[in-house]
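Below is one structure, written out as structure tokens; comments come after it.
The values are calculated or read from the model by the stated rules, or taken from the named source; none is laboratory data. Computed from a prediction, not measured in an experiment: that's the story for all the values here. Reconstructed Cβ throughout: ideal geometry from the backbone, glycine too, with neighbour counts over all protein chains shown. Remember, those area values only see protein heavy atoms, side chains included, never the ligands or the DNA or RNA. Shrake-Rupley method; radii C 1.70, N 1.55, O 1.52, S 1.80 Å.
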Amino acid sequence: MCRAQLKGRWICDMEQKGLEENKMSKTQQKQKQPITACLLSAAFFGALGSSFIYGYNLSVVNAPATYIKAFYNQTWIDRYNEPVAAETVTLLWSITVSIFAIGGLCGALSVSYIIRVLGRRGTLLVNNSFAVIAALLMSLGETAKSFEMLIIGRFIIGVDSGIALSVLPMYLGEITPRHIRGSIGQFNSILICLGVFTGQVLGLPELLGQESRWNYLFAFLAFPAVLQLCVLPFLPESPRYLLMERRDEEGARRAFQKFLGKDDVSEELEEVHAEARAQETLQAVSVFQLMKSQTVRWQLVTVVVTMASYQLCGLNALWYYTNGILLEAGFNQEIVPYITLSTGGIETLAAIISGLVIERIGRKPLLIFGFTAMAVFFSLLTVFLNFQDRVSWMPYLSYICILAVIASFCSGPGGIPFILTGELFEQASRPAAFMIAGTVNWLSNFAVGLLFPFIQETLQTFAFLVFVAVCIAASIYLYIVLPETKNKTFMDISQSFAKINQIPYPSPSHEMEMVLATQPDEKKEAVKVESSL
């Protein structure tokens, strides 16, 4: 009996070893496969009509701020025959800026409901209607003499961004082979940075940053949305969504074939089938169910921590100081906007480099490096800011630190939290997970905008030490809790959290059942015969 048990266990070990070797061989073959035009088109145009618009709206209101306030004042005079009070202008401007985050929160809260009906690609397509409507409202507000149109437009474009930042990473993660999932996922971060940079460039006085042209800055929003509307209908829906939620195996097969550029996609289909069999349910999990589930408890905590750190690490607050530091350094007011372009350029370059190396280095090292480097450069910036009045060349060091903080952020924390949200959860839990992640993202964004002016007033140049503490805490947490997810299936990643979630590992007999379930009939019979000896 003992010998039979040992023999059976030896067969199981040999079978498992053979499966691992086969898996490694197949992974090496996949890494040699070229990225298809279909996959690149989905990544670029999907991000162009989503992430790019979000990034563009982060920077587009800065250049025309003076002209928009003058428009508010003139509209008030036309209506009430008296100038608007300074406090009222400040309030209207604050609402115009901050309502973008409120719209983003509303969009994030609606994602899990919309995506069930329209799917990933369908939601991205419909979402473009919000961008077009917002562009019309904001660009025509001056003509209609209605500042309310501008404010409502900012809210609607916030809704567009809230939906896009949840759906796009989900779509890209589900259509991409696991060995390039990180690189394709970084299109989200790259296009956000490119959007910020484009907003800075178009806001220059020689282009659209003039009193007679500022409304065209908002009209430009319709351009990337229309481009996405022209391309996305010709690209497939997420094959995982088609197979696991719509039960459309033939549609999933065609989608995999187009995205991967090959006819034989049986391995990819079987991987999705295996994931479906491993899940307790194929029905979409609600937010409440996800929060109650012990099996994904630490995945959820990890996503909340990384997404909160994404906003609370201090990058958005950094913009408050940039222009002031440049003026302190002796740069002329007229050339400050051109020098500020370097921040957008550094953002974009760092995001591209991150996308190129993420599959070699991994998600975890890039996140930890990014947050740790930000903590170091924020600390140095605090020192330099306190000495810049005493030493003439100190403001230059301060500005170098600003560029270094931006590069550190975009090297990892700027895009990987969105990739992780899609990787840490299986199909049924993913929409609810993105809804929670989006809510944390936009609430944290709003909190920074609301609280930082008070922190700055209280702590002055020591305000950045608050962000040093956030970055260090995030690095420590990620080092202790987060497993590496590169080149792993969604099932492998879930298994990585089994121990910390206090979920028992599958028994050897259950593992053998899963192996048999994923093998052809001939191999099943062979394994059964060997196991019975």
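Would you please name the residue that is least open to solvent (accessible area, probe 1.4 Å), looking only at residues in the stretch 327-363 that are farther than 18 Å from Ser189 by Cβ, in a helix (DSSP H, G or I) and modelled with pLDDT of 75 or more? Checking each candidate, the answer is Val336. Tallying residues that are closer than 27 Å to Met244 by Cα and without any contact (Cβ under 8 Å) to a residue 24 or more places away in the chain within the stretch 78-117 yields 2. Checking each residue of the stretch 313-324 against the condition of being open to solvent by 10 Å² or more (accessible area, probe 1.4 Å) and of a type in the set (Ser, Thr, Tyr) gives at least one match. Only one of the numbered conditions (1) in contact with a Lys or Arg (Cβ under 9 Å, 6 or more places away or on another chain); (2) buried (at least 22 other Cβ atoms within 10 Å of the Cβ) is violated by Gly104, and that is (1). Against the definition (surrounded by fewer than 22 Cβ atoms within 10 Å (Cβ to Cβ) and touching a helix residue (DSSP H, G or I) at 6+ places or on another chain (Cβ under 8 Å)), how does Leu451 come out, yes or no? When the stated conditions are applied, Leu451 does not pass them.
Listed by first and then second residue, the pairs linking a residue in the stretch 197-209 that is crowded, with 19+ Cβ neighbours inside 10 Å to a residue that is among the small types (Gly, Ala, Ser) and assigned to a helix (DSSP H, G or I), with Cβ atoms under 6 Å apart and 6 or more places separating them unless they lie on different chains, are Phe197/Gly344; Gly199/Ser59; Gln200/Ser59; Gln200/Gly344. Candidates are the residues of the stretch 31-85 that are open to solvent by 20 Å² or more (accessible area, probe 1.4 Å), in contact with a Leu (Cβ under 9 Å, 6 or more places away or on another chain) and not hydrophobic (A, V, I, L, M, F, W, C); the one that is farthest from Glu268 (Cα to Cα) is Lys69. Tell me which of these Met307 doesn't satisfy, since it passes every other one: (1) open to solvent by 20 Å² or more (accessible area, probe 1.4 Å); (2) modelled with pLDDT of 90 or more. (1) is the only condition that Met307 fails.
Within the stretch 215-233, can you find the residues that are touching a Ser or Thr at 6+ places or on another chain (Cβ under 9 Å) and farther than 15 Å from Ser41 by Cα? Of everything in the stretch 215-233, those that are touching a Ser or Thr at 6+ places or on another chain (Cβ under 9 Å) and farther than 15 Å from Ser41 by Cα turn out to be Asn215, Tyr216, Leu217, Phe218, Ala219, Phe220, Leu221, Ala222.
Residue-wise test of (1) in a helix (DSSP H, G or I); (2) under 14 Å from Val305 (Cα atoms).
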{"site": "Ile402", "(1), (2)": "yes, no"}
{"site": "Ile406", "(1), (2)": "yes, no"}
{"site": "Phe409", "(1), (2)": "yes, no"}
{"site": "Pro417", "(1), (2)": "yes, yes"}
{"site": "Phe425", "(1), (2)": "no, no"}
{"site": "Ser429", "(1), (2)": "yes, no"}
{"site": "Ala433", "(1), (2)": "yes, yes"}
{"site": "Ala437", "(1), (2)": "yes, yes"}
{"site": "Trp442", "(1), (2)": "yes, yes"}
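Residue count for the stretch 230-258 under the criterion of being assigned to a helix (DSSP H, G or I) and open to solvent by 60 Å² or more (accessible area, probe 1.4 Å): the result is 8.
The residue list Ile163, Ile133, Ile180, Ile156 contains one member that is open to solvent by less than 10 Å² (accessible area, probe 1.4 Å), out of contact with any strand residue (DSSP E or B) (no Cβ under 9 Å at 6 or more places or on another chain) and of a type in the set (Val, Ile, Thr), which is Ile163. Within the stretch 259-272, can one find any residue that is open to solvent by less than 70 Å² (accessible area, probe 1.4 Å), more than 18 Å from Gln427 (Cβ to Cβ) and without any contact (Cβ under 8 Å) to a residue 60 or more places away in the chain? Yes - at least one qualifying residue is present in the stretch 259-272. Would it be correct to say that Ala308 is over 30 Å from Lys145 (Cα atoms), hydrophobic (A, V, I, L, M, F, W, C) and not in a helix (DSSP H, G or I)? Taking the combined requirement at face value, the residue does not satisfy it. The residue of the stretch 373-383 that is farthest from Ser411 (Cα to Cα), among those that are in contact (Cβ under 8 Å) with a residue 60 or more places away in the chain and crowded, with 19+ Cβ neighbours inside 10 Å, is Thr382. Of the helices (runs of 4 or more DSSP H) lying entirely inside the stretch 444-533, those carrying at least 3 residues that are modelled with pLDDT of 80 or more are 464-481, 490-496.
Considering Leu424, Leu459, Leu478, the condition of being touching a Lys or Arg at 6+ places or on another chain (Cβ under 7 Å) and either crowded, with 21+ Cβ neighbours inside 10 Å or free of Cβ contacts under 8 Å to residues at least 40 places away in the same chain (or both) is satisfied by Leu478 alone.
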